[in-house]
Amino acid sequence: MDITFKDVTYTYQPNTPFEHLALNQLNFQIPKGSFTAIVGHTGSGKSTLIQHLNGLLRPSEGTVSIGGFELTNEKNKQIKALRKKVGMVFQYPEHQLFEETVKKDILFGPKNFDVAVSDDQLLKVIDMVGLEPEILERSPFDLSGGQKRRVAIASILILEPELLVLDEPTAGLDPLGQKQMMELFSQLHRKQDITVVLVTHQMEDVLAYANQMLVLENGRVSLKGKPIQV
Ligand code: ATP
Ligand code: MG
């Protein structure tokens with residue numbers, strides 16, 4: 001899915017003492033089928049930006065277009081159809097795990113969108129994210145940080161998204177786990193033509209996998225281009 005941000009501004013808690021201009025007049029494009037890395041210091045607006053990609057946040061001003069969907073600050077009835085196509089792995093995986101078992105958490109999306117899932121598909125995503133089938137009956141609350149993140153990723157992949165949005169998806173994984181997870185995203189991108197937007201602090205991942213990079217600084221794009229090793 002191609003993405004266009006046109007004059008996008010986002011203000012948290014407007015007209016209150018906590019008002020904060022988090023995105024300031026953003027203009028950029030992400031082509032369909034690309035692998036884009038978003039980098040920038042803590043607080044620069046990365047998570048705010050990507051939460052616009054499934055309509056969780058809507059721009060205070062400007063327009064975000066995603067694969068033909070237009071998001072403005074008006075309510076949009078098509079948002080459910082958009083969310084079915086956009087898989088988002090949040091920075092804090094706890095935010096997307098809330099059922100009693102891992103299995104229920106992974107099946108939450110398919111149930112919500114009326115998508116039938118076979119046991120084989122379930123076992124396949126569990127395997128893709130490097131987990132064992134036994135984990136399906138466990139409570140997500142009792143898992144380690146890395147296991148929670150893997151479950152959150154599985155719960156997104158089960159819906160076979162066209163756009164995969166990942167907010168620091170390898171945080172909390174050991175170096176081998178980080179590499180395996182990045183290889184998985186890269187494979188989905190290459191073989192299934194999934195558009196990937198990755199927020200990361202790891203420059204090695206940007207250089208190894210991304211074909212476009214956006215640098216955010218204080219809510220503005222300070223640099224965009226092709227990452228090149230110098
Ligand atoms: P990190 O690398 O630490 O995850 P980030 O680039 O993802 O940082 P954001 O979470 O997008 O940064 O936050 C951007 C700015 O918006 C920060 O200055 C943050 O303090 C502010 N902000 C975030 N959420 C709120 C909120 N609910 N109310 C007010 N300000 C907020
Ligand atoms: Mg963030």
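The values are calculated or read from the model by the stated rules, or taken from the named source; none is laboratory data. Keep in mind it's a predicted model, so treat the numbers as computed, not measured. Every residue, glycine as well, gets a Cβ built from its backbone with ideal geometry; the counts of neighbours run over all protein chains shown.
In segment 114-124 there is no residue that is touching a Phe, Trp or Tyr at 6+ places or on another chain (Cβ under 8 Å) and either part of a helix (DSSP H, G or I) or in contact (Cβ under 8 Å) with a residue 24 or more places away in the chain (or both). Applying a threshold of 6 Å to beta carbon distances and a minimum spacing of six or more residues, or different chains, the list of pairs starting in segment 161-183 at a residue that is under 25 Å from Ile30 (Cα atoms) and touching a residue at least 60 places away in the same chain (Cβ under 8 Å) and ending at one that is surrounded by 16 or more Cβ atoms within 10 Å (Cβ to Cβ) and of a type in the set (Phe, Trp, Tyr) reads Asp167/Phe90.
Within segment 138-161, does at least one residue satisfy the condition of being within 27 Å of Met1 (Cβ to Cβ), within 16 Å of ligand 2 (Cβ to nearest atom), outside any strand (DSSP E or B) and not small (Gly, Ala, Ser)? Checked against the condition, which is being within 27 Å of Met1 (Cβ to Cβ), within 16 Å of ligand 2 (Cβ to nearest atom), outside any strand (DSSP E or B) and not small (Gly, Ala, Ser), segment 138-161 yields at least one hit. For segment 134-159, filtered to residues that are more than 26 Å from Ala116 (Cβ to Cβ) and of a type in the set (A, V, I, L, M, F, W, C), the residue that is surrounded by the fewest Cβ atoms within 10 Å (Cβ to Cβ) is Phe141.
The set of residues in segment 201-230 being away from ligand 1 (no atom under 16 Å from the Cβ), more than 19 Å from Val165 (Cβ to Cβ) and either modelled with pLDDT of 95 or more or touching a Leu at 6+ places or on another chain (Cβ under 6 Å) (or both) consists of Gln229 alone.
For segment 37-72, how many residues meet the condition of being away from ligand 2 (no atom under 16 Å from the Cβ), touching a Leu at 6+ places or on another chain (Cβ under 9 Å) and not in a loop (DSSP other than H, G, I, E, B)?
Of segment 37-72, the ones away from ligand 2 (no atom under 16 Å from the Cβ) are 55, 58-72.
From what's left, touching a Leu at 6+ places or on another chain (Cβ under 9 Å): 55, 58-60, 62-67, 69, 71.
Next, from what is left, pick out any that are not in a loop (DSSP other than H, G, I, E, B): 62-66, 69, 71.
The qualifying residues number 7.
When Leu173 is tested against the conditions (1) modelled with pLDDT of 95 or more; (2) of a type outside the set (Phe, Trp, Tyr); (3) not in a helix (DSSP H, G or I), the lone failure is (1).
Residue count for segment 34-65 under the criterion of being more than 9 Å from ligand 1 (Cβ to nearest atom), touching an Asp or Glu at 6+ places or on another chain (Cβ under 8 Å) and hydrophobic (A, V, I, L, M, F, W, C): the result is 2. In the set (1) farther than 21 Å from Thr42 by Cβ; (2) within 16 Å of ligand 2 (Cβ to nearest atom); (3) of a type in the set (Val, Ile, Thr), the condition left unmet by Val165 is number (1). If Leu107 satisfies all but one of (1) among the aliphatic types (A, V, I, L, M); (2) within 15 Å of Val151 (Cβ to Cβ); (3) away from ligand 2 (no atom under 16 Å from the Cβ); (4) in contact (Cβ under 8 Å) with a residue 60 or more places away in the chain, what's the number of the condition it fails? In the conditions (1) among the aliphatic types (A, V, I, L, M); (2) within 15 Å of Val151 (Cβ to Cβ); (3) away from ligand 2 (no atom under 16 Å from the Cβ); (4) in contact (Cβ under 8 Å) with a residue 60 or more places away in the chain, Leu107 misses (4) alone.
The set of residues in segment 161-180 being small (Gly, Ala, Ser) and either away from ligand 1 (no atom under 16 Å from the Cβ) or closer than 20 Å to Lys84 by Cα (or both) consists of Gly177 alone. Going by the conditions given, is Leu198 within 16 Å of the chain's Cα centre (by Cα) and either closer than 26 Å to Lys32 by Cα or at pLDDT 95 or above (or both)? Answer is yes for this residue.
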